[in-house]
Amino acid sequence: MTDPLDALEKSISTLRRAIRDAATAGDTERAGELRAQLRRAEKAWDTLIDTGEPATPPLWPEPQAAPVVHGSRLPAREHVHRALMLLGTPAAPKLIVSVHEAFFSGELSASKLSSLRRDEERSYRSSPGARPYYLCPALAHDLLSPVRALVTISTWPLEQRIIGPLSQRTDFLTGTVGVAQAVGSSGEAATPAAVRLLWRLAATIPDAIVRSASGLESAPDPQRVIEAAQAELDVHTDADRATRAEAARRARKSLSDDQQLFGSQLHNVMRLQAQRA
Amino acid sequence: MNAPVDDRLTALRGSAQRRAYNARSLAALENNPRCTLRALLDASGSDKAAIAEHAGYPSAFGQSTFALARGNAFEALVKANGYAELLRVLRETLGLTVPEVGNRDLNDVGGDSRQEIRHTHTTRLLVKAAQGSGDSTLYDHPMLRLTVGGYAVFLEPDLVAFRADDRFYIVEIKSFPIIDGQADPVQVKSATTQACAYVIALRDMLRQAGIDPEAAVSDQIVLVAPKDFTNRPTAAFVDARKQVAALTRQLARLERIKDLVELLPEGLTFDLAPDGGQAQRPVEELTDALDQVDATYRPDCLNHCEMAFYCRARAREDASLDILGPEAREQFGGVDTATMVMGLARGELTPTADQSEMAIALRHAARLRAELDQAYRGAA
C-alpha cells in the first residue's frame, strides 16, 4: 500500500524541481504545465492518504508536447499588463477584467487573476528580475503593507503604487480619463462594452454625463467625461501626491527591494510603528 | 456583574463554549426585552441554535446563503472602484463636498485581521478624526467594541462616514430595495436596530476619549440600498433616536439579570452534555429545564431568535394569545389564553372584576357572529 504513495512522492519532488528549473529559465508555459501536473499528483496523493487505496488510477505525469502558442493568445499576465497600462493606475481585478473585455480580445477571468498574483510573487522570489515586469499588490501609505485588492505593475514608480486615503478616488478618476481617451480615440469603432464601461464609471462623477430635462441620461461624451474627471482630480491631486511622495520616501529608506514591490509583512510593520512611536 | 451571578450563568450554559453577543442578539434585546428565556440564554452565552435543535425545533434560522451572497455582492458593488457609487449617493444625501473622498480600509491592519488589533487601529483613527486631525471621510468596516453585561462584544458596521461638520454617520448597506422611496418596514427596522448598536458602541469609544458623544455621532442612520428594481444604490436617512434610546436603556438594565437568576430553581441548566460533538442530554430533561423559564413569544421572534419555533410550539400548546401578535394581544387586556377568551365569550366562565368589561365585549362579539352565522345559513 505504501508503494504507490512512495512513487507519487518521488514524482512530486521531481516535478517541484522541474518547476523551479523552468521558472529560473523564464519558461512560463512549461512551468504552468508542470504545475498542473503537480497539482494532479498531489490530489492523487491526498486521495490515497484518505482512503488508503487508490480511488482513481494515479495520474502519472506524461511527457506532453508543448502546447501550440497562438499569436493572439497572450498569457494572462500580458492581458493584465495591457489593461493596467490603459488605466495607468492600480486597479482591482474586477475593473481589470472589465477593461480587458471592453478593449482587448482573449480570455481573462477574475479567478485566473487571483492565482496569477500568487504566482508572480513566487516567481520573483525564485529569480528576482528574470522578467521584464511583475504584477504586484499596491502598498498602504501608512504601514507599507500590501493592499491585496489592488494590482499594480512593478515598473511603475513607488509613488504610483502607494495608496493613500485619497488615492483610490484619484486613481479612479485617472483611470476613467484613460478609458475615456481610449473610447474617444477609437471613435465610431468603440465596442458597446467599452461605451458601457465608460458610462458606468462616468455616472458617479459630477457633471460627467448630460441629463436631458426628463432626467434621461445620454450616451457619454468622452471629451466631457475627461473634463469632468479632470475638474474633480484638480481638487484632490496635490494632497494625494504629497501623501504618496512622503510614503514612497519612507519606503525607499526602510524597505528592501522585494518589500518595495510586494509590501512589508506585519512583524516589520510592528517594528516600524515602534520606531515611529 | 458580581461573581455569584456569573457562576449561575456559567452553570446555565454548562460545558458549552461561551457565545458572545452579536449585532443580531443585541437587536433581539431591543425587540423583545420582556422575554426571560432569551435574556437568560443570551446573558449566559448559550448556543441557542444548538439548544433549539436538540429540543426538536431546529430553526431554519440563519441567513440563507443566497441572501448572504446577494448582500455581499451589493456591498461590493457599492464600494467598487474606490467607493465611486457610495460617494455619489452620499454626496446626494449627506451632502458630502467634493474634497471629502478620503477613505480608510479597516478590514485588516497590514494583513492582520485579529479583532483586538483592528479595534485598536480603528480607535486611533476615529478618535483622531473626531479631534479634527483625520485625513479621511469613509471608514470601511471599522471594528467597534461594546461592553454588554460585563463582556466585550466586537461589532463591525459596513461603513462609518465622517462629515466635515464633525459628525459621524453610521452607513448600513442593505440589499433590500427602496421602491419609490419606500422600503419594507420590517427590514428597515431590523437594519436600524443593528445600526443602533453601532451608534452606542461608537459613542462609547468617543466618550472614553473625552469627546462629547451625542454631538459627534448622529442618531440618523444612512441606509444605502438598491433603488427600485435596479442594482443602482440610493440612500435615505432613517431616524434611530428612539431605538438608540431603547437599546441604551435595555443595555443598562442587563444588570437586572441578577434578579432573574435569583428566581431560578437551584441546579437548572441548559447544558446539552455534549460528547464528541453530539448532545447526550435526554430531550425531555432539556425541555423540562426550558419550560421552567418564562418565554414571551411574539410572531416577530421568528425574524431574530433561534428559539422562536420552540416558543411558538409552547405558546400553541398553552393556547396562548401570544401567537396572534401584540396587535391582537393588546385587545384582550387581562385575558391570556384562547380557551379563556372562548369561555368568556360563551358565558361558560365567570369573569373576574377586571375582566368584566372584556367579557361584555366578547359576548357581544359572539352574539354578532352567531347572528351572522344564522343569517348566512338561512340564505343558503
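Coordinate-derived values only; no laboratory data. From a predicted model like this one, the values you see are computed outputs, not experimental measurements. When we count neighbours, we look across all protein chains shown, and the Cβ atoms used for this are built from the backbone with ideal geometry, even at glycine.
Overview of results
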quantity: Computed magnitude of the charge dipole of the protein assembly as shown (debye, nearest 20; Cβ of K, R +1, Cβ of D, E -1); calculated: 1500 debye
quantity: Difference of contour (0.36 nm per residue) and Cα-Cα distance, B:Phe66 to B:Tyr151; calculated: 27.4 nm
quantity: Spin-label model distance (nm) - B:Leu372 vs A:Lys43, 7 Å beyond Cα toward Cβ; calculated: 6.6 nm
quantity: Calculated FRET efficiency for the pair B:Glu266/B:Glu214, C-beta based, R₀ 41 Å, to 0.05; calculated: 0.40
quantity: Sorted by Cβ density within 10 Å, fewest first, the residues B:Arg8, A:Arg196, B:Arg34; calculated: B:Arg34, A:Arg196, B:Arg8
quantity: For the range A:106-125 and the range B:364-380, distance of Cα centres in Å; calculated: 77 Å
quantity: Dipole magnitude of chain B about its Cα centre (Cβ charges: Lys, Arg +1; Asp, Glu -1), debye to nearest 20; calculated: 660 debye
quantity: Spatial extent of the range B:242-291: Rg and Dmax, with the Cα atoms as the point set, Å; calculated: 16.3, 46
quantity: Residue order, fewest to most beta carbons within 10 Å, for B:Val238, A:Val99, A:Val183; calculated: B:Val238, A:Val183, A:Val99
quantity: Kirkwood-Stokes translational diffusion coefficient of the range A:174-256, alpha-carbon pairs, 20 °C, 1.002 mPa s, µm²/s; calculated: 148 µm²/s
quantity: Lys/Arg +1, Asp/Glu -1 at C-beta; the range B:267-373 dipole; positive extreme among B:Ala366, B:Gln292, B:Gly325; calculated: B:Ala366
quantity: Dipole in debye (nearest 20) - the range B:220-379, about Cα centre, beta carbon charges: Lys, Arg +1; Asp, Glu -1; calculated: 960 debye
quantity: Separation of the A:Gln265 and A:Ser115 label points, Cα + 7 Å toward Cβ, nm; calculated: 2.6 nm
quantity: Compactness of the range B:257-380 as Cα Rg over 2.2 N^0.38 Å, two decimals; calculated: 1.48
quantity: Value of [θ]222 nm, deg cm²/dmol, for the protein assembly as shown, DSSP H segments ≥ 4, -39500 (n - 2.57) each, nearest 500; calculated: -17500 deg cm²/dmol
quantity: Descending principal axes extents, the range B:120-207, alpha-carbon based, whole Å; calculated: 39, 35, 17
quantity: Anchor B:Lys128: lysines whose Cα lies under 29 Å away (excluding residues fewer than 8 positions away in-chain); calculated: A:Lys253, B:Lys79, B:Lys174, B:Lys242
quantity: In nm, spacing of pseudo-spin labels at B:Asp275 and A:Lys10 (7 Å Cα→C-beta vector); calculated: 4.8 nm
quantity: Kirkwood hydrodynamic radius of the protein assembly as shown, from inverse mean 1/r over distinct Cα pairs, in Å; calculated: 29.7 Å
quantity: Kirkwood-type radius of the range B:216-326, with distances r between different C-alpha atoms, in Å; calculated: 18.3 Å
quantity: Formal net charge of residues neighbouring A:Thr237 (Cβ-Cβ distance under 14 Å; K, R +1; D, E -1); calculated: -3
quantity: Which listed pairs, of B:Lys48/B:Lys227; A:Lys43/B:Lys48; B:Lys189/B:Lys227, have C-alpha distances above 29 Å, in listed order; calculated: B:Lys48/B:Lys227; A:Lys43/B:Lys48
quantity: 5 Å binning of all Cα-Cα separations within the range B:332-379, expressed as whole percents from 0 upward; calculated: 5, 23, 29, 18, 11, 8, 5, 2
quantity: Listed residue (B:Leu86, B:Gln194, A:Leu113) projecting farthest to the positive dipole end of the protein assembly as shown, Cβ model; calculated: A:Leu113
quantity: Residue among B:Thr122, B:Thr352, B:Ile178 farthest towards the positive dipole end of chain B, charges placed on Cβ; calculated: B:Ile178
quantity: Potential extension, A:Glu227-A:Asp27 segment - 0.36 nm per residue separation minus Cα distance; calculated: 67.6 nm
quantity: Computed P(r) (all Cα pairs; chain B; 20 Å bins; percent); calculated: 24, 48, 24, 4, 0
quantity: Centroid-to-centroid separation of the range A:134-165 and the range B:314-350 [C-alpha atoms, Å]; calculated: 66 Å
quantity: Cα-Cα P(r), the range B:1-160, percent of pairs per 5 Å interval; calculated: 1, 7, 12, 15, 16, 15, 12, 9, 7, 4, 1, 0
quantity: C-alpha center-to-center spacing [the range B:253-300, the range B:46-101] in angstrom; calculated: 32 Å
quantity: Which of A:Leu173, B:Leu260 has the fewest Cβ neighbours within 10 Å, and the rest in rising order; calculated: B:Leu260, A:Leu173
quantity: Percent of Cα-Cα distances greater than 28 Å, calculated over the range B:65-251; calculated: 20 percent
